[in-house]
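Student: Next up is a structure, given as structure tokens.
The values are calculated or read from the model by the stated rules, or taken from the named source; none is laboratory data. Note that this is a predicted model, so its numbers are computed, not measured. Quick reminder, even Gly has a Cβ in these numbers, built from the backbone with ideal geometry, and neighbours come from all protein chains shown. Please note that ligands, DNA and RNA were not included when accessible areas were found on the heavy atoms of the full protein model with its side chains. Shrake-Rupley method; radii C 1.70, N 1.55, O 1.52, S 1.80 Å.
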Amino acid sequence: MAGFYLVLIRRSINLIIVLFLVLVLTVSLLGETMDKILTDSIRQAVVTSLIESKIKFQSAAEQQAYVNQQIQLRIKNLGLDEPWYSPKRFLNTIFKVMMLDLGRSYFVTSESGSPEVADIIAERVPRTLLLFGSATIITFVIGLYLGPYLAERQGRTIDKANVFVSMLSNSLPTFYIGMIMIFAFAFVIPLFPERSIPTSSPSDPFYLLDLLYHMALPLITLVILGIAVQSYFVRLFVVNILDEDFIKAKRAIGVPKKKILYSHALRNAAPPLLNSIILGLAGVFGGALLIEIVFDWPGMGSLLYSAITVNDAPIIIGLVYVSTLIYIAAVFLTDLAYSFFDPRIKAIS
Amino acid sequence: MTIQLRPSRRSDIITGFRHSKLGLTGIIILIFLVGISIYAVTSIPLATFRQWNIPTYWVDYPESAAPAWTNVGMFGPTAAVHTILPYDSSKEILNQTYRGIHTVSRAFSTNFEYGSYPTNFVIPYTTRYGEIPPVLEINVTRPDGLEFRIYYSSLPSNTVLENEGGNSNIDGQETSPQVGQQSTEVQNTYSSRVFSTNRDISQNLRQYIPLFSYTPDVTRPQVMIFSDTQENEILKGPYTFKLTFYFFDEKGVIDDARVILGGTVYGILGTDAFKRDLAIGILWGTPVALFIGLTVAVGTSLIAMIYGITSGYKGGRVDEVMMRINDFFISLPVLILLILISVRYGLNIYLIVVLLVLFGWAGSARLTRSLSLQIKNYQYVEASKLMGESDMKIIFRHIVPQLLPLIFVMIAYSVPAAILAEAGLSFLGLSDMTIPTWGRILNEANAASATTLGLWWWIIPPGLMIGLAGLSFALIGYTLESITNPRRIR
């Protein structure tokens, strides 16, 4: 097992480095925008407090001087007098984001009205995970059944058709199929709602049902696009395993065909299968974010879209961090499972 | 995953493709796409696609019109096809000067054979004249031989430039008088449009009411002009719009004139809610997508090849470090980073290509490395190493040729991913906004809620093109792979 722990440690270090570098990139790209918007909001605050306090001034110049002085004072208090790229502020920002202290948003608020970025994102993350996670799991399970079925029939029409469909669904944008699904099942045949925002409030006893009903169409879209690709991968690895000597031996001693396919072959195909999932995760995650926009599913993708439209930098930084975190965690978990299944890694010890 | 390398000759590949239906399908789609690209680049003027963002360019086109081929008349009467009769299509029937009056007359003919009335008509014109304003007369000759003089009015004079014709328009379009004062002589360039809703037209049509056996509606000239005199129905056949300008000096010229019969269907792909001809956007999207897809694919595969071979061949600590860097690039969330960069700087297609290459090579590099590790241990490679051949020579003589089929497979497989990534960015509204791309057309369709308005011709073609482009390369890659590496696929 020592080899497994070695891999675990190496992967964890890699994870932290990736996270840190992505954050450095994010802050260096958005730091200037953040500063500008912060100073603007300070100016706004000073001017409003001046109007409310009703201080009388002798001249306009004097008033201007007072305003400028107040602004300078507040900027100094907040530490904004140093540029964003000064080591102190830069590291400070990164550290704060890493500790999930994401600050306040500029425009977007959470459904309960909170301007805290952490609150806004926390509200969205479960919904994205629900959609993305359930789609991945459903596709995976269906693929596990379809793959060996196709492997048994390799070279036949249904197998060739599956290759074609998997190539096609790999080439079609998720958001496009989403639009087609809305057109077909919300416009032509009004089975599902056009927009996936649940209509009832979270306190409603039937909220979960309502949520699932609204999630159905985006989920079906993701699953439809995933099935052919997944079963193609499963079939590919199962076919390769079926060629191995130990399977031939099992066949010779009379182990039932079904058992060979679904138990022995499938188990041995697990490591490469997981590897293919890792490489495919990025695409699925990106697709899940884009599909939220099409369906208006209130997850991270649609939040990102609205944050981009109003240039809400703290939200964008927070979202980049959290989605990188989720994405890397998913890669990490599948990677771990891979190392766990792969006999070669155990052999290192 | 065991990957078995098999040397393959060119003839193997050709026969392989000939026997594979999937491969042939891929090739046929690719030829189709290349054909479209060549057609777009050579026959649609570059200016047209540059005008994609300029609404005034598309004024003459119908709004949200379905493709013309849907006009089969299976469900009720056929819709009127939106017809634009350009200046070039008109015939000059008169150009003479008599007693100081310079008369220019042009005829615009069309054959109206549809089951519905035109929704409206618009006659835009641009003319230049001297001090005395000319008079414009518009006549319509109908299939039954009747001629209606629908418009007779003088244009504004040099000093007073008013809006002519558009005073009661319902389309919200504005007339655009452009005063081009030339230094040598006093000459106006005047552009305006005569709308079917113009009050003068209804006034002029009043005199033709007695010709009809029923009372036609003069407030809807597009209906009255195209109606039968005996029965209240459409009169099909050839119509001619004659525009006559009476200039009171020699200098008067018509620069441009068009007749537009409004309809609800147009072109092979219809138009969007911003009146743009979708066919132009879709056609021009093809070379753009192929450019992005191929450049990114070739770029990533080359980097992956160099990186993977170096890492695998050198081995040891170099390999270790290079593979850690590779792990880092594999774990990067590419789409999110692209979004971030485009939010900050804005993207153009070249930058997109560079970024997609930068973030996209890692997966293939891992594969190349594991293969070059295999090849390195082949006996003949070790033999040539012992004979003292340089590393470079070994790499280019022995490793690269072995890997070449795989590189082609990688290139083919990377194209769909690159096209999809660009489409995703465009869909977020973050891509190059100066050119029409398929993803961007989908973004605009989504923003204008084309799905819930039922504008299917705005949604289906662009995504289908993305899918076709990706599919052709994926199928070619699959076939190449099954030829060069039969063990992996079969």
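Student: Can you tell me which residue is farthest from A:Ala330 (Cα to Cα) among those in the range A:285-313 that are among the charged types (D, E, K, R) and open to solvent by less than 10 Å² (accessible area, probe 1.4 Å)?
Tutor: My answer is A:Asp312.
Student: Working only within the range A:21-32, note down all residues that are surrounded by fewer than 18 Cβ atoms within 10 Å (Cβ to Cβ) and modelled with pLDDT under 80.
Tutor: Passing the criteria: only A:Glu32.
Student: From the set of residues in the range B:311-345 that are within 12 Å of another protein chain (Cβ to nearest Cβ) and outside any helix (DSSP H, G or I), which is surrounded by the fewest Cβ atoms within 10 Å (Cβ to Cβ)?
Tutor: Looking at the filtered set, the residue picked out is B:Leu332.
Student: When only residues in the range A:104-142 that are without any contact (Cβ under 8 Å) to a residue 12 or more places away in the chain and assigned to a loop (DSSP other than H, G, I, E, B) count, which is least open to solvent (accessible area, probe 1.4 Å)?
Tutor: Only one residue fits best here, namely A:Ser114.
Student: Looking only at the range B:22-52, which residues are free of Cβ contacts under 8 Å to residues at least 12 places away in the same chain and touching a Lys or Arg at 6+ places or on another chain (Cβ under 8 Å)?
Tutor: Matches in the range B:22-52: B:Leu24 only.
Student: Note down all Cβ pairs under 8 Å where the first residue falls in the range A:257-271 and is more than 13 Å from A:Phe246 (Cα to Cα) and at pLDDT below 80, the second is among the charged types (D, E, K, R) and not in a helix (DSSP H, G or I), and they're at least six residues apart or on different chains.
Tutor: Filtered contacts from the range A:257-271: A:Pro271/A:Asp342.
Student: Let me ask something else about it. Being of a type in the set (A, V, I, L, M), within 21 Å of B:Gly467 (Cα to Cα) and free of Cβ contacts under 8 Å to residues at least 60 places away in the same chain is the filter here; which residues of the range A:178-192 pass it?
Tutor: A:Ile180, A:Met181, A:Ala184
Student: Continuing with the same structure: Return only the number of the condition from (1) at pLDDT 85 or above; (2) more than 9 Å from chain A (Cβ to nearest Cβ) that B:Glu481 does not satisfy.
Tutor: Going through the list (1) at pLDDT 85 or above; (2) more than 9 Å from chain A (Cβ to nearest Cβ), B:Glu481 breaks only (1).
Student: Can I ask one more? I want to confirm something. Restricting to the range A:9-20 and keeping residues that are within 7 Å of chain B (Cβ to nearest Cβ) and either touching a residue at least 40 places away in the same chain (Cβ under 8 Å) or open to solvent by 40 Å² or more (accessible area, probe 1.4 Å) (or both), which single residue is nearest to the chain's Cα centre (by Cα)?
Tutor: Result: A:Val18.
Student: Might you let me know whether the range B:434-454 holds any residue that is open to solvent by less than 40 Å² (accessible area, probe 1.4 Å), in a loop (DSSP other than H, G, I, E, B) and at the interface with another protein chain (Cβ under 9 Å from one of its Cβ atoms)?
Tutor: Checked the range B:434-454: at least one residue is open to solvent by less than 40 Å² (accessible area, probe 1.4 Å), in a loop (DSSP other than H, G, I, E, B) and at the interface with another protein chain (Cβ under 9 Å from one of its Cβ atoms).
Student: When both residues are 6+ apart or on different chains and their Cβ atoms are under 9 Å apart, which pairs have a first residue that lies in the range B:392-408 and is over 17 Å from B:Glu382 (Cβ atoms) and in contact (Cβ under 8 Å) with a residue 60 or more places away in the chain, and a second that is open to solvent by 70 Å² or more (accessible area, probe 1.4 Å) and assigned to a helix (DSSP H, G or I)?
Tutor: From residues that are over 17 Å from B:Glu382 (Cβ atoms) and in contact (Cβ under 8 Å) with a residue 60 or more places away in the chain, the pairs are B:Ile407/B:Leu302.
Each row is one residue, and each column tells you yes or no for (1) of a type outside the set (Asp, Glu); (2) open to solvent by 10 Å² or more (accessible area, probe 1.4 Å); (3) not in a strand (DSSP E or B).
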| site | (1), (2), (3) |
| --- | --- |
| B:Ser192 | yes, no, no |
| B:Asp200 | no, yes, yes |
| B:Gln203 | yes, yes, yes |
| B:Asp217 | no, yes, yes |
| B:Val223 | yes, yes, yes |
| B:Gln230 | yes, yes, yes |
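Student: Among the listed residues A:Tyr145, A:Tyr207, A:Tyr176, A:Tyr149, identify the single one that is of a type in the set (Phe, Trp, Tyr), open to solvent by less than 30 Å² (accessible area, probe 1.4 Å) and more than 15 Å from A:Leu219 (Cβ to Cβ).
Tutor: A:Tyr176
Student: Has the range B:457-480 got any residue that is free of Cβ contacts under 8 Å to residues at least 12 places away in the same chain and open to solvent by 10 Å² or more (accessible area, probe 1.4 Å)?
Tutor: Among the residues of the range B:457-480, at least one is free of Cβ contacts under 8 Å to residues at least 12 places away in the same chain and open to solvent by 10 Å² or more (accessible area, probe 1.4 Å), which makes the answer yes.
Student: Go over the candidates A:Leu222, A:Leu212 one by one and state the one that is crowded, with 21+ Cβ neighbours inside 10 Å and more than 12 Å from chain B (Cβ to nearest Cβ).
Tutor: When all the criteria are applied, what remains is A:Leu222.
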